[in-house]
Amino acid sequence: MTWVLAVALLGAVAFGGYWFQPWKLVTDEVVDEAVPVAQAPAPQTTEPDTASADPASASPEPASPSPADNQLIATGEFVTHEHETTGTAQLIRLADGGHQLVLRDFATSNGPDLRVWLSDQPVIDGRDGWFVFDDGQWAELDRLKGNRGNQVYDIPDDVDLDALTSVSIWCKRFSVSFGAADLSA
C-alpha cells in the first residue's frame with residue numbers, strides 16, 4: 001500500500017509541475033530583438049493661399065514621409081491583469097506593406113503557455129478584464145518569446161486590423177490575460 005501511495009503522490013507532483021510550471025515564477029526569459037524604426041503619420045496640413053501670399057516669404061511645407069518608410073499606426077500602454085505587466089505595444093505598417101506588433105520595454109511574469117493575441121475586446125482594468133479576450137474575435141500571433149525585453153511579431157495579411165484593436169498576453173492553459181493594451185492611433 002505504501003508503494004501505491006508513493007507512486008500516486010509522485011504522479012501528482014509530476015502532473016502539477018507540468019501543469020503549473022512553478023519554476024517560471026522565479027525565472028525570466030529576456031528577449032532583445034531589433035525593433036523597426038517607424039514614423040508617426042504626418043499631420044494633415046492645408047495648402048497655403050498662394051494667390052495672396054508672396055512666394056518668396058512662404059515657408060516650405062513640411063516634407064511628408066516617403067512611401068518607403070515604416071509607419072506607426074497605433075500604440076498603447078500595457079495594463080496589469082492576472083500578473084503585473086508593463087511596456088508599450090506598437091502596431092507598425094512596414095514599408096513593404098506588411099504589419100508587425102512590437103512590444104517595447106515589455107515586462108510581465110513568466111508563465112505556462114503564454115501567447116500574444118490581437119483582440120476586438122476593450123481593455124478593462126482590474127479583475128473584470130482578465131477573462132474577456134477569448135469572448136469575441138481574436139488572432140493568435142505566436143507564443144510569447146520572452147517575459148522581458150523588446151520583441152517583434154509578424155501579423156499575417158489576413159488579420160483584420162480594423163476590427164482587432166487590443167493586444168493581450170494570454171495564458172492559453174488557464175484562459176486568463178496577464179496584461180493587455182488598447183491600440184489607438
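Looking at (1) surrounded by fewer than 17 Cβ atoms within 10 Å (Cβ to Cβ); (2) more than 11 Å from V167 (Cβ to Cβ), find the lone condition where T88 falls short.
Failing condition for T88: (2).
Out of all the residues in segment 105-123, which are closer than 18 Å to D142 by Cα and either of a type in the set (A, V, I, L, M, F, W, C) or free of Cβ contacts under 8 Å to residues at least 12 places away in the same chain (or both)?
Those that are closer than 18 Å to D142 by Cα and either of a type in the set (A, V, I, L, M, F, W, C) or free of Cβ contacts under 8 Å to residues at least 12 places away in the same chain (or both): F106, A107, L114, V116, W117, L118.
Could you grab me the full set of residues in segment 53-83 that are under 22 Å from N150 (Cα atoms) and modelled with pLDDT under 95?
D69, E82, H83
Quick check on my filter: what residues within segment 155-185 are within 12 Å of Q90 (Cα to Cα) and either open to solvent by 40 Å² or more (accessible area, probe 1.4 Å) or among the aromatic types (F, W, Y) (or both)?
Correct list: T165, D182, S184, A185.
Any residue in segment 124-137 that is without any contact (Cβ under 8 Å) to a residue 60 or more places away in the chain and more than 11 Å from S168 (Cα to Cα) sitting within a Cβ distance under 8 Å of a residue that is surrounded by fewer than 17 Cβ atoms within 10 Å (Cβ to Cβ) and of a type in the set (V, I, T)? List the pairs, counting only those 6 or more apart or interchain.
The qualifying pairs do not exist here.
Check off (1) open to solvent by 40 Å² or more (accessible area, probe 1.4 Å); (2) assigned to a loop (DSSP other than H, G, I, E, B) for D128 and give me the number that stays unchecked.
(2) is the only condition that D128 fails.
The values are calculated or read from the model by the stated rules, or taken from the named source; none is laboratory data. Owing to the predicted nature of the structure, the values given are computational and were not obtained by experimental measurement. Ideal geometry is used to build each Cβ from the backbone, glycine not excepted, and the neighbour counts take in all protein chains shown. Surface areas here come from the heavy atoms of the whole protein model, side chains and all, with no ligands, DNA or RNA. Shrake-Rupley method; radii C 1.70, N 1.55, O 1.52, S 1.80 Å.
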